[in-house]
1. Find the residue count for the stretch 216-240, including only residues that are buried (at least 16 other Cβ atoms within 10 Å of the Cβ) and either of a type in the set (Val, Ile, Thr) or under 17 Å from ALA253 (Cα atoms) (or both).
2. Taking only the stretch 130-189 into account, find how many residues are in a loop (DSSP other than H, G, I, E, B), modelled with pLDDT of 55 or more and either more than 17 Å from the chain's Cα centre (by Cα) or over 20 Å from ILE15 (Cβ atoms) (or both).
3. If you go through the stretch 41-70, how many residues are open to solvent by 50 Å² or more (accessible area, probe 1.4 Å) and in a loop (DSSP other than H, G, I, E, B)?
4. Answer yes or no: is there a residue in the stretch 199-206 that is farther than 26 Å from HIS135 by Cα and open to solvent by 30 Å² or more (accessible area, probe 1.4 Å).
5. Which residue out of ALA215, ALA219 is modelled with pLDDT under 90 and touching an Asp or Glu at 6+ places or on another chain (Cβ under 8 Å)?
6. What pairs come out if I take residues in the stretch 13-34 that are farther than 17 Å from GLU78 by Cα and pair them with residues that are among the acidic types (Asp, Glu) whose C-beta lies under 7 Å away, six or more apart or interchain?
7. Residues in the stretch 254-266: is at least one open to solvent by less than 40 Å² (accessible area, probe 1.4 Å) and at pLDDT below 85?
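The values are calculated or read from the model by the stated rules, or taken from the named source; none is laboratory data. Computed from a predicted structure; not experimentally measured. Reconstructed Cβ throughout: ideal geometry from the backbone, glycine too, with neighbour counts over all protein chains shown. Just the protein is used for accessible areas: all its heavy atoms, side chains included, with ligands, DNA and RNA removed. Shrake-Rupley method; radii C 1.70, N 1.55, O 1.52, S 1.80 Å.
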Amino acid sequence: MSPIKIMLVDDEPIIRKALKYELNGPQSTIACGINDDGEVLRRQVEVLDTFASGAQLMAALESPTPHPMPDYLLVDMEFQGEPTGGIFIADRVHQRFPDIKIAILSGRFDNPLPSEGHRHERMMEIARVVFESLHHGAQAFVSKNAAGGFSVENVLRAIECLERGERYYFNYPVMLTLKEAAELYLDSAPAGMPAIEITDIERKLLLMEAAGCTASEIADALCESDKNVQERQKELSRRLDIVNKSGARIAKAMQLSLINPNDINFLKR
């Protein structure tokens with residue numbers, strides 16, 4: 001049988017090296033059926049290449065030179081300082097190459113909770129990220145770690161589940177099930193809309209923006225610099241998955257019930 005072909009994007013050289021070494025080992029196989037004698041049939045996994053950035057990956061995928069295309073893309077979620085930067089690499093690949101199955105890798109949620117009181121907060125944080133991953137084309141969300149440290153078994157299990165026809169795969173990090181979190185958040189989201197939560201400061205910013213305040217006026221009200229307000233606006237636009245325009249932010253915020261039109265105190269000029 002032909003091997004299952006994989007490409008990997010991670011900005012940490014040690015992770016790229018470890019994953020490539022482990023996945024290209026003889027033990028890295030995927031169960032793919034049973035023969036007439038009742039024996040489990042297995043396919044080998046092969047890492048075609050690894051990349052340190054999304055730009056390097058896209059250059060390889062879009063190269064005019066004929067080359068093997070991957071069946072799977074493994075991409076780190078936290079990328080070059082951006083907490084969910086890898087998700088947008090996944091989105092670009094999904095838009096251009098929809099046949100490639102995508103798994104998001106992350107060690108962000110593997111640490112034990114400091115107390116049971118943080119459980120709901122952790123669940124909602126995970127749920128937001130998982131929903132964002134699904135929204136941008138991922139089909140699996142995989143922990144980088146196991147109880148004893150880095151484990152490639154999480155990756156192999158995800159691929160095996162998707163190969164046998166499961167639509168999505170989530171593994172079980174410490175003290176919390178990603179699937180549980182995702183289902184909770186998906187159930188609470190408007191149909192077809194990404195579920196978003198905003199802070200009180202972000203809600204105030206949106207209400208002032210809707211009222212007609214300038215960035216400087218918003219900055220004065222929030223006791224922040226103009227630059228900080230502009231960065232908040234960019235971040236809101238990114239999470240809302242829209243162009244960075246005031247009208248688009250306000251419209252999307254209302255559509256998702258993040259702000260109530262009755263709370264807007266329009267400025268009189």
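1. 8
2. Step one: of the stretch 130-189, the residues in a loop (DSSP other than H, G, I, E, B) are 136-139, 144, 147-148, 151-152, 164-168, 171-177, 189.
Imposing the further condition that a residue be modelled with pLDDT of 55 or more reduces the set to 136-139, 144, 151-152, 164-168, 171.
If we keep only those that are either more than 17 Å from the chain's Cα centre (by Cα) or over 20 Å from ILE15 (Cβ atoms) (or both) too, we end up with 136-137, 139, 151-152, 164-168.
The qualifying residues number 10.
3. Summing the residues that are open to solvent by 50 Å² or more (accessible area, probe 1.4 Å) and in a loop (DSSP other than H, G, I, E, B) in the stretch 41-70 gives 7.
4. yes
5. Numbers: ALA219 fails: modelled with pLDDT under 90.
The conditions single out ALA215.
6. Within 7 Å, the pairs are ASN24/GLU46; SER28/GLU22; ILE30/GLU160; ILE30/GLU163; ALA31/GLU160; CYS32/GLU163.
7. As a first pass, look at the stretch 254-266 and keep what is open to solvent by less than 40 Å² (accessible area, probe 1.4 Å): 256, 258-259, 264.
Adding the requirement that they be at pLDDT below 85 leaves 256.
Yes, some residue in the stretch 254-266 is open to solvent by less than 40 Å² (accessible area, probe 1.4 Å) and at pLDDT below 85.
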